[in-house]
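This report concerns only the one structure given below.
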Amino acid sequence: MRLITLLCVCLCMSVCVLQLHPDSDPSNPSLHSRFVALSEAYQVLSKESSRRQYDATLRLRPASGSGSRGDPYTYPSSHSPG
């Protein structure tokens with residue numbers, strides 16, 4: 001069983017923010033979309049209830065042929081259409 005603490009989430013977020021912030025490399029247009037995805041992930045993982053829901057979603061996914069449990073970075077976003 002995985003146990004990710006809020007401290008771990010915050011530490012990882014602070015490192016990723018420095019690397020993915022659009023101002024860190026204005027010539028790289030992909031940083032904006034990656035930063036938005038990072039922000040959405042933080043919104044999910046920073047709250048215990050949504051983090052539990054995310055973990056439950058990962059456990060329910062069928063395993064792919066490569067042995068992975070699917071894409072762990074895909075989460076139903078409140079910002080997506082539909």
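The values are calculated or read from the model by the stated rules, or taken from the named source; none is laboratory data. Note that the coordinates shown come from a computational prediction; the quantities given were computed from them, not determined experimentally. Counting neighbours? That spans all protein chains shown, and the Cβs are built from the backbone with ideal geometry, glycine included. Protein only, heavy atoms only, side chains kept; ligands, DNA and RNA dropped before computing areas. Shrake-Rupley method; radii C 1.70, N 1.55, O 1.52, S 1.80 Å.
One residue is enough: does the range 47-60 have a residue meeting the conditions open to solvent by less than 70 Å² (accessible area, probe 1.4 Å), at pLDDT 90 or above and not hydroxyl-bearing (Ser, Thr, Tyr)? Within the range 47-60, not a single residue is open to solvent by less than 70 Å² (accessible area, probe 1.4 Å), at pLDDT 90 or above and not hydroxyl-bearing (Ser, Thr, Tyr). Considering each residue of the range 20-40 in turn, none proves to be under 14 Å from the mean Cα position of the chain (by Cα), open to solvent by 60 Å² or more (accessible area, probe 1.4 Å) and either aromatic (Phe, Trp, Tyr) or at positive phi (or both). Taking residues in the range 17-30 that are part of a loop (DSSP other than H, G, I, E, B), and partners anywhere that are loosely packed, with under 12 Cβ neighbours inside 10 Å and at pLDDT 90 or above, not one pair has Cβ atoms closer than 9 Å while being at least 6 places apart or on different chains. For the range 31-40, the count of residues that are at pLDDT below 90 and not aromatic (Phe, Trp, Tyr) is zero. For the range 6-16, the set of residues classified as β-branched (Val, Ile, Thr) and either loosely packed, with under 11 Cβ neighbours inside 10 Å or at pLDDT 90 or above (or both) consists of Val15 only.
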